[in-house]
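Here's the structure we're looking at; comments come further down.
Read the figures in this text as sums done on the coordinates, not as results from a lab. Given the structure is predicted, the values throughout are model-derived calculations rather than measurements. Cβ sites come from the backbone with ideal geometry, for glycine too, and all protein chains shown count toward neighbours.
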Amino acid sequence: MRKDTAAEVAELSGGEHVRFNNKRDLERQLAILANHIPTRYILSFRPSANVPGFHAIKVQVLHQPQTALDVAARTSYWVGGTAPRP
């Protein structure tokens with residue numbers, strides 16, 4: 001996290017992080033990201049227990065078709081809450 005905060009935050013949140021040095025690199029990276037959009041499925045959920053704190057998520061593909069899948073998912077989430085009063 002200390003070496004590359006933006007990349008780590010992107011990975012933890014299920015996103016992607018790209019680097020670029022100039023306009024051409026930026027355009028190339030944006031084209032790559034744009035190609036990912038129409039081939040994605042977005043799944044979401046709401047936890048049934050609203051327990052404040054850090055929680056892990058595990059995503060598995062149970063049935064794998066003949067084509068290869070690249071599954072990108074966040075590994076955790078945080079449920080906010082107020083701190084208990086003494």
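Scanning the stretch 27-59 for residues that are of a type in the set (D, E, K, R) and exposed (fewer than 10 other Cβ atoms within 10 Å of the Cβ) gives ARG40, ARG46, LYS58. Would you point out the residue of the stretch 1-53, among those that are assigned to a loop (DSSP other than H, G, I, E, B), in contact (Cβ under 8 Å) with a residue 12 or more places away in the chain and β-branched (Val, Ile, Thr), that is farthest from GLY80 (Cα to Cα)? Checked the stretch 1-53; the qualifying residue farthest from GLY80 (Cα to Cα) is VAL18.
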